[in-house]
Amino acid sequence: MSDYHYNWLDRSKVRDFYFTRNLRLPQYTTEEILRRRAAEVAGVDILYGWQGVALEQDIAGVSLTIAERQGEGQRVLRGRYLVGCDGSHSFTRQAAGITQTQEDHNRLMALVVFTSVELDDLLKRYPGKAFYSVLNPKYDGYWLFFGRVDHGRSWFFHAPVPPGTTAENFDFPAFLHEAVGQPFDLTLDYVGFWDMRFAQADAYRKGRVFIAGDAAHSHPPYGGYGINSGLEDATNLGWKLAAALQGWGTEALLDSYHTERHGVFASTIRDFIARFIREDRDFLRKYAPDRDLADFTAHWDARSADTSEVTAFEPHYQGSSIVDGAPGSPSSLGGHERRARAGHHLAPQPLSDGRNVFEALGADHALLALADADPAAITALEAQAAAAGVPLNVIRDTGAAAREAYGAPLILIRPDQFVAWAGKTPPVGLMDRVRGA
């Protein structure tokens, strides 16, 4: 509630580069939706109350022993592959012998869940905002971080606390009042603690075992990068496992999951989350309104005008072995463009029949053939796909708008909606390359 504030991480600035609007849902709502959808999918069995206790892999597959958490029952599940999405303390990662690299910030962090209608009234001065990052010099660059759970009523709060803090020996209501800047009515619902660290598995695959989500990487809950990174892991790995099971995916294609996703998350830590902490710490040590108001205001205004956190966060796989385009390496640091670029996510664009291109892509590789595409080039790529066994959906569009926006008449799009290649004449062996052959 201080006089110094600005609209940080305004994702509306990149809204037009994505087909679906970003949504913020409470975790329990997200899980309810996912459970309901999983129950609809043929071939999915959901077992609640079980945990992994042992795994063995051989040349043909993986055997996973699971045990009831409350009970003595055990079962052995067998599959060609195993994917552990079992959190930052992943049994799968440890049982497979996958090491991880940690960067410990030596901070004990509190997670407080509380209810307050009055805080919602106070924060109506910031319409449409779902989270609030509070900078206070005495916390040395680490955020006091509010977020909405149920809009208008309940909240979560992350912040550093002194070592040895417990729910009983620390005045959390006063802490919340300090962070907001004035007293308000609240009811504490939950107080928990976690150690602040960055952790990333050194490999996302070992043989037939893969890890994804927090099992592969974990970090402070800044900016929503964690859950989104986990969903992108699943999207990247899912089509590659499908390709392997369908017989056209190679071992190199499966290996590309680690190469692409590991590089993206390493960059997310380095170029965004750790940088936020470092830059905020430097700013708070150098500028203060009670020392030099004019100097502070000038630099605060400069921070307000800087939108690079949003525009520069563009996870991509440029330079990956399974895309054909400009050299580079997978990273979160990039830039948003309409132009179709190999290794980058496709931007939405309306087609001449009224659909958006995302409504036409489907679940397989797609070839988008635009206004001046050479029919012989289309035929050649279809022949390559047939020879390589890669399912290919050809989308023909004669309108000029998409052709002008994407900057190429032919665009090969992966099942995860990243561009594999864009140009006029497909190179020999392109379909073999995208399947890792």
Which entry is the computed P(r) over Cα pairs in 20 Å bins from 0, in percent for this structure: [x] 21, 51, 26, 2; [y] 19, 38, 30, 12, 1; [z] 23, 58, 19, 0? [x]
Who wins for biggest fluctuation among Phe265, Phe19, Phe157 in a Gaussian network model of the chain, springs between alpha carbons below 10 Å? Phe19
Spelling out what I want: for every residue of segment 116-128, take phi, set θ = phi - 60°, compute 6.51 cos²θ - 1.76 cosθ + 1.60 (Karplus), and round to whole Hz; glycine and proline get x. 7, 6, 5, 5, 4, 5, 4, 8, 5, 5, 10, x, x
Lys and Arg at +1, Asp and Glu at -1: neighbours of Cys85 with Cβ under 10 Å from its Cβ sum to -3
Would you grab the residues whose amide H sits under 5 Å from the one on His365? Only those 5+ places off in sequence or on another chain, please, with H modelled 1.01 Å from N. Asn393
Set the Förster radius R0 to 51 Å, insert the Cβ-Cβ distance between Leu333 and Gln74 as r into 1/(1 + (r/R0)^6), and round the FRET efficiency to 0.05. 0.65
Each residue of segment 38-55 in turn: what ³J(HN,Hα) in whole Hz from Karplus with 6.51, -1.76, 1.60 and θ = phi - 60°, glycine and Pro shown as x? 4, 5, 8, 8, 4, x, 9, 10, 10, 10, 9, x, 10, 9, x, 10, 6, 9
Pop a pseudo-label 7 angstrom from the Cα along the beta-carbon direction at both Arg278 and Thr187 and give the gap in nm to one decimal. 4.5
Tell me the net charge near Arg281. Cut-off is 11 Å between Cβ atoms, Arg281 excluded, with +1 for each Lys or Arg and -1 for each Asp or Glu. 0
Excluding ligands, DNA and RNA, what is the solvent-accessible area per residue of the chain at a probe of 1.4 Å, expressed in Å²? 49
Using 1/(1 + (r/R0)^6) with R0 = 51 angstrom and r between the beta carbons of Glu56 and Trp300, what's the FRET efficiency to the nearest 0.05? 0.30
Only sites in a loop by DSSP and with at most 14 other Cβ atoms within 10 Å count here; which trypsin sites (Lys or Arg not before Pro) in segment 116-199 make the cut? Arg153
So for the pair Thr398, Asn136, with labels modelled 7 Å out along Cα→Cβ, what separation do we get in nm? 6.6
Which FRET efficiency value, to the nearest 0.05, do you get for Thr425 and His151 by plugging their Cβ-Cβ distance into 1/(1 + (r/R0)^6) with R0 = 51 Å? 0.50
For a test of understanding, tell me how many lysine pairs in the chain have Cα atoms under 24 Å apart, given they are 8 or more places apart or on different chains. 4
Portion, in percent, of the accessible area of the chain that falls on carbon or sulfur, probe 1.4 Å: 52
Subtract the Cα-Cα distance of Ser352 and Tyr126 from 0.36 nm times their separation in residues, and report this length gain in nm to one decimal. 77.4 nm
Calculated [θ] (222 nm, deg cm²/dmol) that DSSP helices of n ≥ 4 give over the chain, each run adding -39,500 (n - 2.57): -9000 deg cm²/dmol
Output ³J(HN,Hα) for segment 425-436: one whole-Hz value per residue in order, computed from phi by the Karplus curve 6.51 cos²θ - 1.76 cosθ + 1.60 with θ = phi - 60°, and x for Gly and Pro. 10, x, x, 4, x, 4, 5, 5, 5, 5, 9, x
Mean Cα-pair separation over length for the chain, i.e. relative contact order, pairs under 8 Å, 6 or more apart, %: 14
Per-residue accessible area, 1.4 Å probe, largest first, puts Lys424, Lys13 in the order Lys424, Lys13
Loop-only chymotrypsin sites (Phe, Trp or Tyr not before Pro) in segment 278-340, please: DSSP not H, G, I, E or B, and at most 11 other Cβ atoms within 10 Å. none
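The values are calculated or read from the model by the stated rules, or taken from the named source; none is laboratory data. Small disclaimer: the values here were computed from a predicted structure and weren't measured. For neighbour counting, all protein chains shown are included, and Cβ atoms are generated from backbone atoms with ideal geometry for every residue, glycine included. These accessible areas exclude ligands, DNA and RNA; they are computed on the full protein's heavy atoms, side chains included. Shrake-Rupley method; radii C 1.70, N 1.55, O 1.52, S 1.80 Å.
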